[in-house]
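All remarks here apply to the structure that follows.
The values are calculated or read from the model by the stated rules, or taken from the named source; none is laboratory data. Predicted model only: the values in this text are computed from it and were never measured. Because the Cβ atoms are built from the backbone with ideal geometry, glycine has one as well, and the counts that use them run over all protein chains shown.
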Amino acid sequence: YHPQSQSISYTTLTRFPPVKLLPPSGRKRVLVTGGAGFVGSHLVDRLMLLGHEVTVLDNFFTGSKTSVSHWVGHPNFELVRHDVVEPFMIECDQIYHLACPASPVHYQFNAVKTIKTSFQGTLNMLGLAKRTKARFLLTSTSGERFISLRQSAFPLWTRFFSHPFKFLSAEVYGDPEVHPQPEDYWGHVNPIGPRACYDEGKRVAETLTYGFHNQDGVDVRVARIFNTYGPRMNPYDGRVVSNFIVQALRGQDLTVYGDGSQTRSFQYIHDLVDGLIALMNSSETRPVNIGNGDEFTILEFAQLVRDIVEDVQRADGVAAPPRVNIIHEGLPKDDPQKRRPDTTRAKETLDWQPRWTVRMGLEEMVRYYKAKMAEGSL
Ligand code: NAD
Ligand code: UDP
């Protein structure tokens, strides 16, 4: 700024992606906790593009400023470093409550803090929703509620005879009673297992949410999210999608845990964001599964990732490196054997269904990690 020239730039807004201009009546004041994380940052992008006013609360434990830095300075955007374990006051119309580490390496790093974030953080944000009459959406989770069902259903010795390798790696046994999983299956969680801080934290967060709904009339939404992947996913968070892509791009062996017969379904981030926004703006107060129903064994998934990485390299004119191998390592304790959402409710009540096939999503993701590698940040 130069006082004589009065050279204040009136064009600074052009450095931002083009946001929709909404009339004040259509513009919502939206709070996104955990908005600097993987899911949160994509949600923030969409809410900003739609023209809303967005405030992000994040303590940057697993999230990073860079994931939303492209909005810093925009008049509709605010980024606040804050831990949701402490109360926070702001006027808002909608709260997307995402703050919570989501990958096992991160949520097991400090189990007590994880459960405190789920309980105290959700309590604080529900208190805020009650005071401001904001609509509150909790991002809950899916499959972990099926774990100990399998453990308790089969005595210890059967684990060895069913599959010795699984026994060595403390595997889970048998299938869930219900597959795919609908919202009204309550599940059974091991309250003292390594994943308990996350699973039980999410369960108590749901209980709190419906407590505020039934007792205080807070307007609530609960999304039960199934495995999601996409750009900005931390490549070192130990999740299968990031591990396999990074391994394949580096020409390293793909590490399948156990025999690879366990199943998962994978949804692309843009589908999840569509689902979260649709749920928030619907009248559905019951929990809703948001996930992709295409189920893969982890071994099939490893083969698919390997093929797609090769295809992308070929399309980019990169000389094909030798084919990477798929190797087997021990299965983590409490690793669920099957997971696939029943998304009937989302289809019926939100008119939502995934639009990204796994192949389309993986291609994008491979290109993203490839670009990160090329710029030296991975
Ligand atoms: P992430 O770890 O990338 O993002 C979580 C964000 O919350 C990070 O920015 C982190 O810094 C922030 N955070 C953590 N603790 C906090 C605290 N105490 N105070 C303030 N901020 C805090 O995870 P994600 O994959 O983006 O997941 C977002 C939400 O979706 C989580 O609630 C997670 O449980 C849920 N979810 C995600 C998946 C998935 O596949 N990614 C599946 C099921 C549920
Ligand atoms: N997995 C694997 N190799 C890896 C990382 C994960 O075989 O390098 C397996 C893991 O044991 C699990 C599945 O892939 O059965 C999905 O793991 P992830 O951590 O991505 O998600 P979650 O277990 O929470 O569904």
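Numbers below:
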read-out: Residue satisfying condition, being surrounded by 17 or more Cβ atoms within 10 Å (Cβ to Cβ) and in contact with a Gly (Cβ under 8 Å, 6 or more places away or on another chain), within set Leu254, Leu331; value: Leu331
read-out: Set Ala205, Ala196: member being within 16 Å of ligand 2 (Cβ to nearest atom), at pLDDT 80 or above and aliphatic (A, V, I, L, M); value: Ala196
read-out: Matching residues in region 41-75 - criterion: being near ligand 1 (Cβ under 8 Å from one of its atoms) and touching a strand residue (DSSP E or B) at 6+ places or on another chain (Cβ under 8 Å); value: Leu57, Asp58, Asn59, Phe60
read-out: Looking only at region 333-350, and only at residues there that are part of a helix (DSSP H, G or I) and of a type outside the set (D, E, K, R), the one that is nearest to the chain's Cα centre (by Cα); value: Ala346
read-out: Residues of region 187-211 classified as touching a Leu at 6+ places or on another chain (Cβ under 9 Å) and part of a loop (DSSP other than H, G, I, E, B), total; value: 3
read-out: Those residues of region 91-113 which are within 16 Å of ligand 2 (Cβ to nearest atom) and surrounded by fewer than 15 Cβ atoms within 10 Å (Cβ to Cβ), in sequence order; value: Val105, Phe109
read-out: Unique residue being touching a residue at least 60 places away in the same chain (Cβ under 8 Å) and either out of contact with any helix residue (DSSP H, G or I) (no Cβ under 9 Å at 6 or more places or on another chain) or within 16 Å of ligand 2 (Cβ to nearest atom) (or both) when the list is Pro322, Pro354; value: Pro322
read-out: Test for Asp307: is it more than 13 Å from ligand 2 (Cβ to nearest atom), closer than 22 Å to Phe244 by Cα and touching a helix residue (DSSP H, G or I) at 6+ places or on another chain (Cβ under 7 Å); value: no
read-out: Single unsatisfied condition, Leu362 versus (1) within 22 Å of Ser261 (Cβ to Cβ); (2) surrounded by 14 or more Cβ atoms within 10 Å (Cβ to Cβ); (3) modelled with pLDDT of 95 or more; (4) more than 19 Å from the chain's Cα centre (by Cα); value: (4)
read-out: Residues of region 61-75 that turn out to be farther than 11 Å from Phe16 by Cα and loosely packed, with under 13 Cβ neighbours inside 10 Å, as a count; value: 1
read-out: Candidates Met280, Met233, filtered to the one that is touching a Lys or Arg at 6+ places or on another chain (Cβ under 6 Å) and either buried (at least 19 other Cβ atoms within 10 Å of the Cβ) or at negative phi (or both); value: Met280
read-out: Residue count for region 212-264, restricted to those that are more than 12 Å from ligand 2 (Cβ to nearest atom), free of Cβ contacts under 8 Å to residues at least 40 places away in the same chain and either among the β-branched types (Val, Ile, Thr) or not in a loop (DSSP other than H, G, I, E, B) (or both); value: 2
read-out: Residue in region 27-47 that is of a type in the set (S, T, N, Q), outside any loop (DSSP other than H, G, I, E, B), modelled with pLDDT of 95 or more and farther than 22 Å from Val218 by Cβ present; value: yes
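Matching residues to (1) touching a Cys at 6+ places or on another chain (Cβ under 6 Å); (2) surrounded by 15 or more Cβ atoms within 10 Å (Cβ to Cβ); (3) within 20 Å of Leu299 (Cα to Cα); (4) modelled with pLDDT of 70 or more:
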{"site": "Phe165", "(1), (2), (3), (4)": "no, no, yes, no"}
{"site": "Val189", "(1), (2), (3), (4)": "no, yes, no, yes"}
{"site": "Glu200", "(1), (2), (3), (4)": "no, yes, no, yes"}
{"site": "His213", "(1), (2), (3), (4)": "no, yes, no, yes"}
{"site": "Tyr229", "(1), (2), (3), (4)": "no, yes, yes, yes"}
{"site": "Val241", "(1), (2), (3), (4)": "no, yes, yes, yes"}
